[in-house]
Amino acid sequence: MSTKIETPVPFDVDAIRADFPILSQEVYGKKLVYLDNGASAQKPRQVIDNISETYETRYANVHRGVHYMSQTATDAMEAAREKVRAFINAGSEREVIYVRGATEGINLVAASWGRANLSAGDEIILSEMEHHSNIVPWQLIAQQTGAVIKVIPITDAGELEMEVFKGLLSDKTKMVAITHVSNALGTVVPLADIISMSHAAGALVLVDGCQAVPHLAIDMQALDADFYVFSGHKLYGPSGIGVLYGKEALLDAMPPYQGGGEMIDTVTFEGSTWADLPFKFEAGTPNIADAIGLGAAVDYVSAIGFEAIGAHENALLAYATEKLRAINSIRIIGEAPEKAAILSFLMDGVHPHDIGTILDREGVAVRTGHHCAQPVMDRYDVAATVRASFAMYNTFEEVDALAASLSKVQEIFS
Amino acid sequence: MAGDPSDLYQDLILDHSKNPRNAGPLDGATHQARGNNPLCGDRITVYLTLDGDQIADVKFEARGCAISVASASMMSEMIKGKTVEEATALFEKFHALVTGGTSGEGDGLEELESLAGVRDFPTRIKCATLSWHAMQQALRGAGEEVRTE
């Protein structure tokens, strides 16, 4: 362990951009302005090279071979797990399960924990601003077990109705599954309160951290969430790899999610026994190169630090909010006081898809649609919104380009 | 440049999207079907009144983008009074137009030719064809929802 204290490096967005090859691409002859980071972030050279290096220098199947390459690949994968553990400050590597992404993580908990612990009449509390991936897995397990789903409503500004939540909690509540940051609205939810209130009621808490981990420092031991999931691809890492954090005692008590190789201790036709954590939940050959690549992404983000990243992104969000408010026909959806770098909006008389198409031809990539959060759209009685979601490599000039391209939309539709 | 947004959003299309013709429910409709684009949440319901083999009346209700509403509006004007066979033939010509199979000229597409620009915006072709798929579904009498996916 190094005890050297790093001198904070001033945040240099140009230097960061230089690390992301795709950002110098042009689309339709225009500079790419990538504002769809909430859907997936771009990858720095360090991550791209890391994946190539794995296949070129340290690749074999893991946790099996006695040979050199297998051991090298295993070491690299487990070193990456340790990086992820440190990144989220989990108490142990046994609490860090590799999954395909947040969706698989939630499905794993809903199926494994849910089948073992839910029965008819038990209640699962979700919020109105959940992504479909934190709704549908719970509906599936509720159908199988007879458990009931309750929903925390949101205010016009896009905040959770905490008083209603308090009223929903009871001794029937077994699980509270909640997003950390809303992907459609940007709202940062008051997780500490939710977790302490849920625990006081005897319920567990699963947090969907997809939209939080690229923007905020997270600390599993301080947060005290029971489960926390996120996807690597939103954290500048590869797609197809994500993390389920779970408290060790809970994971230990849960039955396996999938059966197969790697997750067993012994197998006979009379019965099998399971491997220790985290491998009990990692059946089959894992996504080796991308797991190692996620470690590289964690290194990259950690070297810059969330203090600098957060300050830059908050400044971008404030600037973009001000710019868009200045356009009369624009209505921002989601104005919670505490937001991550996500800006959802509508323009009077113009459908979000038409806006998205016109922006696209200006090189500006935004998401349009329901953002896999149809209940949020229903809440605001809209079919879709336009969403600009910012990353650490975005610039104030790119916000200007967004505003200018929105003026072009107005011209065309005026 | 092919695919400039101003080629797509021509005045005629904007006019139809802002002032859709034949919008609203249709009392006494004999056939109807819903179209749904789950990718974007756009929805349309097409109502038809058939008199024998002839489409006597058409109306639609839509929640969608300019392209889907304009296409539905133009379709409603074009197929009114046509036979089922003629409407189906028109759909085939229109489909070929927006997917780039034909120029559309001389195909009797009239105002629909203004939607030819959609071919340069592949992600938007489904918007242009949603109401037509719903119309076809209604004619088949299935009454079930059609999806673009």
**Report entry** Mean ellipticity per residue at 222 nm, deg cm²/dmol - from DSSP H runs of n ≥ 4 across the protein assembly as shown, formula -39500 (n - 2.57)
**Finding:** -11500 deg cm²/dmol
Requested in this report: State the Cα centre-to-centre distance between the stretch B:11-87 and the stretch A:143-216 in whole Å.
Outcome: 42
**Report entry** ³J(HN,Hα), Karplus 6.51/-1.76/1.60, whole Hz, each residue of the stretch A:45-60, x for Gly, Pro
**Finding:** 3, 4, 6, 4, 5, 4, 5, 4, 4, 4, 5, 8, 10, 9, 9, 6
**Report entry** Extreme residue, positive dipole direction of the stretch A:49-302, given options A:A157, A:T285, A:F269 (C-beta unit charges)
**Finding:** A:F269
Query raised in the report: Which percentage, to the nearest 5, of the DSSP beta bridges contained in the protein assembly as shown is antiparallel?
Result: 70
Query raised in the report: Between exposed GluC sites (Glu not before Pro) in chain A, where DSSP calls loop and at most 12 other Cβ atoms lie within 10 Å, what's the longest gap?
Result: A:7-269
Query raised in the report: In vacuo Debye scattering of chain A, one point per C-alpha: log10 I(q)/I(0) at q = 0.10 Å⁻¹?
Result: -0.71
Report summary line: Of the residues A:A116, A:H180, A:I106, the Cα lying farthest along the dipole of the stretch A:104-195 towards its positive end, which is defined by charges on the beta carbon of Lys, Arg, Asp and Glu, belongs to A:A116
Query raised in the report: If one computes P(r) from the Cα atoms of the stretch A:189-276, what percent of pairs lie at distances over 23 Å?
Result: 40
Report summary line: Expected unfolding gain across A:E322-A:A86 under the 0.36 nm per residue rule, minus the alpha-carbon gap, is 81.3 nm
**Report entry** Tilt relative to chain B, helix B:84-98 - C-alpha long axis, 0 to 90 degrees, to 10
**Finding:** 20
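Of the chymotrypsin sites (Phe, Trp or Tyr not before Pro) in the stretch A:208-285, which ones lie in a loop per DSSP and count no more than 15 other C-beta atoms within 10 Å?
A:F269
Using alpha carbon coordinates only, what is the Rg to Rh ratio of the stretch A:274-343, with Rh defined as the Kirkwood radius?
1.24
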Query raised in the report: Along the charge dipole of the protein assembly as shown, Cβ charges K/R +1 and D/E -1, which of A:T395, A:A365, A:I218 sits furthest on the positive end?
Result: A:I218
Report summary line: Around A:D171 (Cβ within 12 Å, Cβ-to-Cβ, excluding A:D171; K/R +1, D/E -1) the net charge comes to 0
Query raised in the report: Given a cut-off of 17 Å, what percent of all Cα-Cα pairs of the stretch B:31-149 lie beyond it?
Result: 50
Report summary line: Cβ-Cβ cut-off under 9 Å around A:S24, Lys and Arg +1, Asp and Glu -1: the net charge is +1
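Where a number appears in this text, it was derived from the coordinates with a stated rule and is not lab data. The model shown is predicted, which means the values in this text are computed figures rather than measured ones. Glycine gets a Cβ as well: all are built from the backbone with ideal geometry, and neighbour counts include every protein chain shown.
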